[in-house]
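Novice: Before I ask anything, let me first share the structure, which is written out below as structure tokens.
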Number of protein chains: 2
Amino acid sequence: MLTINYANCLRDRVGEHGLDPARLGPGSDAESAAKSITASLAKTRGSGWERWRELWNNPMRAEHLGAINTLVKEREGRFENLVVLGIGGSALGNIALQSALNAPTWNLMAQGKGGGKPGRSGGLEAPPSTRHGCPRLFVIDNVDPANFRAVMDVCPPKKTLYNIVSKSGETAETAAGFMIVRDMLAREVGKKASDHVVAITDPEQGTMRAICDEAGYATLPVPEGVGGRFSALSPVGLFSAAMCGIDIEGLLDGAGVMDQRCSDPDLSKNPAAMLATLLCELAARKGKPNHVMMPYANSLYLMADWFRQLWAESLGKKYSVDGEVVYAGFTPIKALGATDQHSQVQLYREGPNDKVFAFLEVEDFDADITIPAGLGVESLAYLEGASMTTLLNSEKRATEFALVESQRPNLTIRFPRIDAQHIGEFIALWQIATAYAGHMLGVDAYNQPAVETGKKATFGLMGKEGFEEWKGRVEEGLGGSGFVV
Amino acid sequence: MLTINYANCLRDRVGEHGLDPARLGPGSDAESAAKSITASLAKTRGSGWERWRELWNNPMRAEHLGAINTLVKEREGRFENLVVLGIGGSALGNIALQSALNAPTWNLMAQGKGGGKPGRSGGLEAPPSTRHGCPRLFVIDNVDPANFRAVMDVCPPKKTLYNIVSKSGETAETAAGFMIVRDMLAREVGKKASDHVVAITDPEQGTMRAICDEAGYATLPVPEGVGGRFSALSPVGLFSAAMCGIDIEGLLDGAGVMDQRCSDPDLSKNPAAMLATLLCELAARKGKPNHVMMPYANSLYLMADWFRQLWAESLGKKYSVDGEVVYAGFTPIKALGATDQHSQVQLYREGPNDKVFAFLEVEDFDADITIPAGLGVESLAYLEGASMTTLLNSEKRATEFALVESQRPNLTIRFPRIDAQHIGEFIALWQIATAYAGHMLGVDAYNQPAVETGKKATFGLMGKEGFEEWKGRVEEGLGGSGFVV
């Protein structure tokens with residue numbers, strides 16, 4: 001079970017930059033706010049844009065698992081590569097799950113025989129791990145031609161399954177990638193091309209739906225009421241995970257456990273409510289709107305990218321739900337421990353005191369390493385015989401101590417270990433915390449009005465019918481400047 | 001030649017959130033400050049901690065190139081893998097250069113025959129590229145046991161060259177990695193183990209120097225007066241680059257060209273002075289201390305990590321050079337276009353207006369892709385026949401437009417193309433801009449006093465002799481709290 005230790009967010013530890021614990025305790029405003037938001041969320045869960053909160057409960061859970069497992073069984077063992085085409089919420093969850101739960105060298109490992117679940121990477125003296133029959137995974141979430149070409153070069157269409165993820169089919173980046181892939185498949189695979197595509201899209205309507213129906217592509221649903229950034233535990237994130245041997249039931253189990261804990265009206269027992277309260281209060285009262293997520297584990301680093309979208313896009317809003325101009329939101333920043341101690345910690349300790357740090361700590365790595373003796377250098381003797389986990393976690397504790405000494409508030413989310421269950425807990429924790437923070441800030445956590453302008457301007461610049469005027473607007477707005485050096 | 005367009009940092013474009021151009025023009029304080037800092041930097045260049053500014057000039061240039069090329073010739077074609085062990089400035093440049101100048105699929109490509117320089121990734125219909133005899137590259141810059149093991153699993157010692165980068169040899173993370181590798185080599189390679197190590201370290205003194213001398217390892221120097229974060233274009237960054245076929249002379253040529261431009265006392269012609277002026281002024285006068293670097297090119301994304309260290313660690317300082325408490329510094333943030341339009345741009349437009357955005361734009365990608373016709377979907381017809389570069393750069397322009405509309409200041413650094421010359425320009429640009437910004441903020445850009453506490457606390461927790469009291473301090477400071485949920 002994940003725990004959150006927030007002692008270093010409090011005044012006892014970080015002085016005037018911390019919160020008064022009485023403000024969080026029995027009878028406090030924060031406590032009663034949490035209680036009333038919990039009641040409100042209990043009413044909205046499972047409806048409107050909060051249907052994501054039912055992803056781990058039946059009937060949604062059983063439906064999705066059934067459909068995913070059927071498709072995985074049909075496709076598994078037949079492809080060397082799985083290429084996901086999606087962007088934003090249609091890619092970040094996929095990347096985060098793979099990075100958290102499979103080895104960083106996954107694509108370099110031998111495919112091996114089918115059957116069984118892949119283990120984590122093997123031991124220093126054990127035989128190298130294989131992918132247990134699973135494909136290599138590539139997620140293309142940009143329209144960079146050099147990157148696109150490089151991936152295509154190592155993924156011959158005949159050996160590749162393409163997973164197109166787009167609710168509408170109208171997202172320019174994903175559509176462009178799909179059009180290229182479709183053309184390659186037609187030329188190189190021919191009649192059986194449709195067998196190489198699994199689309200995740202709207203089950204009823206839209207451009208991609210129509211394309212799939214006509215081409216006979218297998219599909220999985222982007223469920224109604226599940227927005228992109230809340231879709232990691234829907235088929236959007238789970239299909240590619242399952243293809244790569246990840247325990248998707250474990251993910252949903254973990255999410256369910258966390259959801260239970262986050263349904264408690266008592267602030268002191270509800271991790272999501274506490275997380276949202278701490279971060280909102282430290283921003284509002286202590287001037288700390290920048291939120292650094294700093295895992296001490298390489299495999300959790302890209303989880304911070306998933307968090308960045310969830311937190312930024314949900315809470316960064318000009319208007320409150322009452323129509324007031326608020327320019328709300330927090331700036332999520334990712335860092336990696338211990339690595340960024342040698343890059344960012346100087347600033348974190350001595351620069352502007354405008355951040356809260358969320359460390360992610362792992363108690364037990366599956367495969368520890370003992371630093372061997374025998375070097376015979378006195379100043380390094382302290383490392384001999386130590387475990388690498390001990391070194392990593394000591395560095396984390398030392399950094400925590402150094403930040404406290406500089407009165408920089410921070411908290412630690414602790415993973416007993418990194419596995420599907422705990423990753424599921426983590427995802428649910430932040431999704432539910434986002435719902436709380438939306439209420440606390442008084443904003444709609446489920447829209448993203450500000451991205452429309454850029455989309456329309458792109459259409460205009462690309463010559464899409466009906467958007468001609470936008471081209472002129474962009475050229476007028478940005479054109480002709482002598483301010484170049 | 002790189003250009004910087006900063007029209008969108010000005011009041012005409014972004015209203016009260018922009019600068020008055022008169023403040024940058026002839027007779028302004030900024031102009032005379034730039035002139036006097038340029039004169040001051042001309043005096044200090046090549047001495048003290050500004051010896052990095054001579055890396056691209058002879059005699060340093062010739063010495064380093066000679067030594068690197070000799071070692072590369074001895075080692076090339078003999079190893080399947082090159083593993084760099086370093087952290088912070090001893091890794092970020094290596095990662096950035098590889099990511100910028102070789103394909104993202106480098107480690108998946110066939111090694112191929114030796115000879116010739118590797119090209120960029122091949123064409124969609126061309127035969128797949130190879131590494132032209134160069135090794136795969138892994139940079140281990142953390143002490144995460146799962147990650148360490150995974151890399152070791154795919155790199156058998158007999159086929160691997162280890163590049164240890166540590167000036168002193170005392171950095172705990174790098175030392176730990178080295179101790180493990182040394183032990184593996186002794187067991188699996190035996191007598192010829194020393195042939196598998198190239199160390200980059202202090203040429204005269206220190207723990208690693210002594211280890212190398214005793215073991216007979218080949219070494220290259222971390223030059224005196226070149227700090228970690230200013231060392232990308234020294235042997236620290238250049239050896240692994242050269243092993244992977246990168247044109248290291250081109251890097252130094254580019255840096256030299258930029259250095260020339262950045263020696264001009266005229267602010268309006270000096271890119272580094274202008275960049276530093278804009279960012280310092282927008283922070284001081286307009287409340288924008290957060291600096292987002294957002295390349296529209298996957299290969300430049302990790303260059304932003306190199307920038308993050310340079311900018312954060314150099315400028316994030318509690319004390320000014322006069323001993324005043326200033327809590328100076330800017331928070332560097334990385335983002336990727338177009339990808340993060342679907343993640344961060346909602347916040348960037350509607351959240352707190354506390355950021356400046358530096359877009360990186362690429363005019364010409366080596367390998368463009370045309371989006372094919374034939375899908376026959378009306379709403380996607382605008383993409384048919386368009387090039388992917390046009391789409392990517394239209395998205396960039398649209399985002400620029402959208403940010404301007406929300407009065408968010410931004411600038412664009414334009415690459416004619418991504419090659420060694422322009423990457424060298426980019427590195428020199430930011431290093432010199434950092435020197436200017438240090439003067440403008442009145443801080444010492446070359447120290448990092450705040451990382452000492454964490455190092456000592458780590459020593460204490462790991463039981464290093466002489467640091468016993470630190471263990472107690474940490475335990476007292478962080479121990480025993482009921483604030484866990």
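Every read-out reported here was derived from the displayed coordinates using simple, explicitly stated rules and does not represent laboratory data. No experiment lies behind these values; they were computed from the predicted model shown. Reconstructed Cβ throughout: ideal geometry from the backbone, glycine too, with neighbour counts over all protein chains shown.
Novice: Considering only DSSP beta bridges whose two residues both sit in the protein assembly as shown, what percent are antiparallel, to the nearest 5?
Specialist: If I count the DSSP bridges inside the protein assembly as shown, around 15 percent turn out antiparallel.
Novice: In chain B, which whole DSSP H runs stretch at least 15 Å along their own axis (Cα) and average -0.5 or higher on the Kyte-Doolittle scale?
Specialist: B:29-44, B:60-75, B:172-188, B:248-261, B:271-286, B:303-315, B:388-405, B:420-441, B:451-462
Novice: Tell me the relative contact order for chain B as a rounded percent, counting alpha carbon contacts under 8 Å between residues six or more apart.
Specialist: 21 percent
Novice: Also, quick follow-up: Length gain on complete extension for the stretch B:Thr44 to B:Gln260, per 0.36 nm per residue less the alpha carbon to alpha carbon distance?
Specialist: Using 0.36 nm per residue and subtracting the Cα-Cα distance, I get 76.2 nm.
Novice: Let me ask something additional. Between A:Ser28 and B:Ser320, what FRET efficiency comes out of the Förster formula 1/(1 + (r/R0)^6) with R0 = 30 Å and r the beta carbon distance, rounded to 0.05? Show your work: numbers first, answer last.
Specialist: Details: r = 40 Å, r/R0 = 1.33.
So, using R0 = 30 Å, E works out to roughly 0.15.
Novice: Let me ask you something else. Describe numerically, in nm with one decimal, the distance between label points set 7 Å from Cα along Cα→Cβ at A:Gln205 and at A:Gln407.
Specialist: Using points 7 Å along Cα→Cβ, the separation is 5.6 nm.
Novice: Which shape class applies to the protein assembly as shown: rounded if a/c is under 1.5, otherwise prolate when a/b exceeds b/c and oblate if not, where a ≥ b ≥ c are the square roots of the Cα gyration tensor eigenvalues?
Specialist: Since a/c stays below 1.5, the shape of the protein assembly as shown is classed as rounded.
Novice: Follow-up. For B:Lys167, list the lysines whose Cα falls under 18 Å from its own Cα; do not include residues on the same chain fewer than 8 positions away.
Specialist: Of all the lysines, those that pass the test against B:Lys167 - Cα under 18 Å, at least 8 places apart if same chain - are B:Lys455.
Novice: A further question on this structure: Smallest Cβ-to-axis distance in chain A, for the rotation taking A to B: which residue, how many Å?
Specialist: Nearest Cβ to the rotation axis, residue and whole-Å distance: A:Ile333, 3.
Novice: When you look at the Cβ of every residue in B:389-396, what mean number of other chain Cβ atoms sits within 10 Å?
Specialist: Rounded to a whole number, the mean comes out at 6.
Novice: Let me check I've understood the local charge: for A:Ala283, count other residues with C-beta under 11 angstrom from its C-beta, Lys and Arg +1, Asp and Glu -1. What total comes out?
Specialist: Net charge in that neighbourhood comes out at +2.
Novice: Another question, if that's okay. How far, in nm to one decimal, is A:Gly77 from itself in the other copies if the label point is set 7 angstrom along Cα toward Cβ? Shortest first, please.
Specialist: Computed spacing set for this position: 4.4 nm.
Novice: What distance in nm separates the simple spin-label points at A:Ala284 and A:Ser387, each placed 7 Å from Cα in the Cβ direction?
Specialist: 4.3 nm
Novice: Something else: Mind grabbing the base-10 log of I(q)/I(0) for the stretch B:148-198 at q = 0.20, 0.25, 0.30 Å⁻¹? Debye formula, identical points on the C-alpha positions, no solvent, two decimal places.
Specialist: Debye intensities relative to I(0), on a log10 scale: -0.68, -1.02, -1.27.
Novice: Treat chain A as a sphere of radius equal to its Kirkwood radius over Cα pairs and apply Stokes-Einstein at 10 °C in a medium of 1.306 mPa s; give the translational diffusion coefficient in µm²/s, rounded to a whole number.
Specialist: D = 65 µm²/s.
Novice: I would also like to ask the following. Straight-line reach only, C-alpha to C-alpha below 24 angstrom: list the lysines that A:Lys158 could link to, leaving out same-chain residues fewer than 8 apart.
Specialist: A:Lys73, A:Lys113, A:Lys191, A:Lys192
Novice: What is the Å³ per residue value for the convex hull set by the Cα atoms of the stretch A:340-485? Present the calculation step by step, with values, prior to reporting the outcome.
Specialist: Numbers: hull volume 40.5 nm³, N = 146.
Taking only Cα atoms, the stretch A:340-485 has a hull volume of 277 Å³ per residue.
Novice: So how far, in whole Å, is the C-alpha centre of the stretch A:397-462 from the one of the stretch B:250-311?
Specialist: When both Cα centres are located, 29 Å separates them.
Novice: Okay, next question. Along each principal axis of its Cα atoms, how long is the stretch A:48-246 end to end? Whole angstroms, biggest number first, please.
Specialist: Dimensions of the stretch A:48-246 along the principal axes of its Cα atoms: 52, 42, 29 Å.
Novice: If you average the C-alpha positions of the stretch B:35-85 and of the stretch A:32-88 separately, how far apart do those two centres end up, in angstrom?
Specialist: 52 Å
Novice: Could I ask something else about it? With Kirkwood's inverse mean 1/r over C-alpha pairs for Rh, give me the Rg to Rh ratio of the stretch A:250-396, two decimals please.
Specialist: The Rg/Rh ratio comes out at 1.07.
Novice: Another question, if that's okay. Across the residues of A:226-232, average count of Cβ atoms on other protein chains within 10 Å?
Specialist: 1
Novice: Between copies, how far does the label point of A:Arg417 sit from its twins, in nm, shortest first, when each point is 7 Å from Cα along Cα→Cβ?
Specialist: Relative to the other copies, A:Arg417 has label-point distances of 5.1 nm.
Novice: Here's something else I'd like to know. Mind ordering B:150-159, B:187-196 by average Cβ neighbours within 10 Å, highest first? Could you put the intermediate results ahead of the total?
Specialist: Numbers: B:150-159: 20.1, B:187-196: 14.4.
Ranking the peptides B:150-159, B:187-196 by packing returns B:150-159, B:187-196.
Novice: Using only alpha carbon pairs under 8 Å that are at least six residues apart, calculate the relative contact order of the stretch A:395-485 and give it in whole percent.
Specialist: 10 percent
Novice: Please sort B:323-333, A:351-361, B:38-48 by packing, taking for each peptide the average over its residues of neighbouring beta carbons within 10 angstrom, highest first.
Specialist: Numbers: B:323-333: 18.9, A:351-361: 22.3, B:38-48: 13.7.
Sorting B:323-333, A:351-361, B:38-48 by mean packing, highest first, produces A:351-361, B:323-333, B:38-48.
Novice: Output the Cα-based Rg and Dmax of the stretch B:1-83 in Å, rounding Rg to one decimal and Dmax to a whole number.
Specialist: 21.9, 60
Novice: Quick one: length gained pulling A:Ser481 to A:Asp364 fully straight, 0.36 nm per residue minus the C-alpha distance?
Specialist: 36.5 nm
Novice: Sort B:226-233, A:314-321 by packing, meaning the average of other beta carbons within 10 Å per residue, with the highest value first.
Specialist: B:226-233, A:314-321
Novice: Let me ask something else about it. Relative contact order (percent) for the stretch B:48-246, with alpha-carbon contacts under 8 angstrom and 6 or more residues of separation?
Specialist: 32 percent
Novice: Find, to one decimal place in angstroms, the Kirkwood hydrodynamic radius of the stretch A:296-370, where the mean of 1/r is taken over every pair of different Cα atoms and then inverted.
Specialist: Value: 14.9 Å, from the Cα pair sum.
Novice: Moving on to the next point. Can you give me the distance in nm between label points at B:Glu80 and A:Glu80, each placed 7 Å from the Cα along the Cα-to-Cβ direction?
Specialist: 1.6 nm
Novice: Rounded to the nearest whole Å³, what is the per residue volume of the convex hull around the Cα atoms of the stretch B:194-256?
Specialist: 87 Å³
Novice: To the nearest 0.05, how large is the calculated FRET efficiency for A:Glu224 and B:Lys158 if R₀ is 60 Å and r is the Cβ-Cβ distance?
Specialist: The calculated FRET efficiency here is 0.60.
Novice: Sticking with this structure for a sec: Counting only other chains, what is the mean number of Cβ atoms within 10 angstrom of the Cβ of each residue in peptide B:350-359?
Specialist: 5
Novice: If I take R0 = 60 Å and measure r between the Cβ atoms of A:Ser194 and B:Glu188 in this structure, what FRET efficiency does the formula 1/(1 + (r/R0)^6) give, to the nearest 0.05? Intermediate results must be reported in sequence, preceding the final value.
Specialist: Values: r = 49 Å, r/R0 = 0.81.
Between A:Ser194 and B:Glu188 the formula returns 0.80.
Novice: Another question, then. Across the stretch B:286-436, how many lysine pairs, 8 or more apart or on two chains, come within less than 23 Å at their alpha-carbon atoms?
Specialist: 15
Novice: How far apart are the A:Asp444 label points across copies, placing each 7 Å from Cα toward Cβ, in nm, shortest first?
Specialist: 5.4
Novice: Let me ask you something else. Before rounding to the nearest 500, sum -39500 (n - 2.57) across all DSSP H runs of length at least 4 in the protein assembly as shown and divide by the residue total; then give [θ] at 222 nm in deg cm²/dmol.
Specialist: The helix contribution divided over the protein assembly as shown gives -13000 deg cm²/dmol.
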